[in-house]
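Single-structure report; data block below.
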Amino acid sequence: MKDDAQQLVTRFAPSPTGRLHKGHAYSALLAFGRARDEGGRFLLRIEDIDTVRCRNEFVAGIFEDLKWLGLTWEEPVRRQSEHFADYQNALDRLKAMGLVYPCFCTRKDIQREIDAAETAPHGPDGPIYPGICRGREDADALLADGAPHAWRLNLEAALAHICEPLVWQDEIRGTIKATPKELGDVVLARKDTPTSYHLSVVVDDALQGITHIIRGEDLFHATHIHVVLQKLLGYEPPIYHHHGLLLDEHGERFAKRNKSVTLESMRKAGMQPSDLVAEIIPS
Ligand code: GLU
């Protein structure tokens, strides 16, 4: 064991919205292997802020599948649905800094605005929010009336507050200059749940002292906004490692909706975990 100052801490953070597939196994094995090889710590975190789509049976499935793969992790496992107060706290800090605003838009409102605009910039997550509710004068009145709302980051104000170029260290791609404008005024607390993926992942990685974030390159674009939130909230920036994604025989990413590639189905078909590990992690 290394002392805390230099010990690597990494995590695997699935959302329990379905059974794990080969792509998850690859990501979990990479993170676990890295911690094991470097005398570090490996944490498992259940990202279940979406209390409608996430199910307890899938949480149990995650434990079962990862144990079958031979992984071990520290207890207790952090479940995001038990920590909404932590995300609220971070949101309150951003509110106090004047860097978030309530957004009352429905999806239709946003689409209408985008359709009417001459140009509608798109980012990796789709069309960028056109700023309908930014600086809205009736916001306080609507809040007082209890109008349903999300909270969005005011990115321009956030970048003016930070006032320096942001970069992050990526073990695969090197030093990356953050270009968060591609994501725009992202949602930090949704209408249906008092946080969002971006906010809770950043808060948890900081609270859990994660030093190395090992995750798929499908989340590379999200890091542009995560580094902004880390800076605003005064968190130590972790090192990133966005690994390539495993592809199936058609060159497609594995998806939860494709039941045939779940670890559960492989196990039931008699596959040995060592064979799966040998297949996906070249030695
Ligand atoms: N919960 C996210 C997912 O299942 C991963 C979060 C992360 O690794 O940053 O896609």
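The values are calculated or read from the model by the stated rules, or taken from the named source; none is laboratory data. These numbers come from a predicted model, not from an experiment. Note that we place each Cβ from the backbone using ideal geometry, even for glycine, and neighbour counts take in every protein chain shown.
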Which listed residue, of 18, 70, is surrounded by fewer than 14 Cβ atoms within 10 Å (Cβ to Cβ) and of a type outside the set (A, V, I, L, M): 70
Taking segment 225-244 and the residues there that are assigned to a helix (DSSP H, G or I) and either modelled with pLDDT under 95 or crowded, with 21+ Cβ neighbours inside 10 Å (or both), the one that is farthest from the ligand (Cβ to nearest atom) would be 228
Answer yes or no: is there a residue in segment 73-84 that is within 23 Å of the chain's Cα centre (by Cα), acidic (Asp, Glu) and closer than 25 Å to residue 162 by Cβ. no
Counted residues in segment 159-202 being on the phi > 0 side of the Ramachandran plot and in contact (Cβ under 8 Å) with a residue 24 or more places away in the chain come to 1
List every residue pair whose Cβ atoms lie under 6 Å apart, where the two residues are 6 or more positions apart in sequence or sit on different chains, the first residue falls within segment 209-230 and is closer than 16 Å to residue 24 by Cβ and of a type in the set (Gly, Ala, Ser), and the second residue, located anywhere, is outside any strand (DSSP E or B) and within 11 Å of the ligand (Cβ to nearest atom). 216/27
Top-ranked residue of segment 99-128 - restricted to ones that are of a type in the set (A, V, I, L, M, F, W, C) and either in contact (Cβ under 8 Å) with a residue 60 or more places away in the chain or in contact with a helix residue (DSSP H, G or I) (Cβ under 9 Å, 6 or more places away or on another chain) (or both), ranked as surrounded by the fewest Cβ atoms within 10 Å (Cβ to Cβ): 120
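Suppose the filter is touching an Asp or Glu at 6+ places or on another chain (Cβ under 9 Å), more than 15 Å from the ligand (Cβ to nearest atom) and over 21 Å from residue 62 (Cβ atoms); does residue 176 pass it? Even if it seems obvious, please write down each step before you answer.
Details: touching an Asp or Glu at 6+ places or on another chain (Cβ under 9 Å): yes; more than 15 Å from the ligand (Cβ to nearest atom): yes; over 21 Å from residue 62 (Cβ atoms): yes.
Against the criterion (touching an Asp or Glu at 6+ places or on another chain (Cβ under 9 Å), more than 15 Å from the ligand (Cβ to nearest atom) and over 21 Å from residue 62 (Cβ atoms)), residue 176 qualifies.
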Looking only at segment 208-218, decide whether some residue is part of a helix (DSSP H, G or I) and touching a Pro at 6+ places or on another chain (Cβ under 8 Å). no
So is residue 195 assigned to a loop (DSSP other than H, G, I, E, B), within 15 Å of the ligand (Cβ to nearest atom) and at pLDDT 95 or above or not? yes
Can you pull out the helices (runs of 4 or more DSSP H) entirely within segment 51-119 that have at least 3 residues that are touching a Lys or Arg at 6+ places or on another chain (Cβ under 8 Å)? 56-69
Just a yes or no: is a residue in segment 209-223 aromatic (Phe, Trp, Tyr) and surrounded by fewer than 19 Cβ atoms within 10 Å (Cβ to Cβ)? yes
Just to be sure I understand the filter: pairs with C-beta atoms under 8 Å, separated by 6 or more residues or on different chains, first member in segment 265-281 and over 14 Å from residue 66 (Cα atoms), second member assigned to a helix (DSSP H, G or I). Which pairs pass? 280/22; 280/25; 280/26; 280/29; 281/26; 281/29; 281/30; 281/33
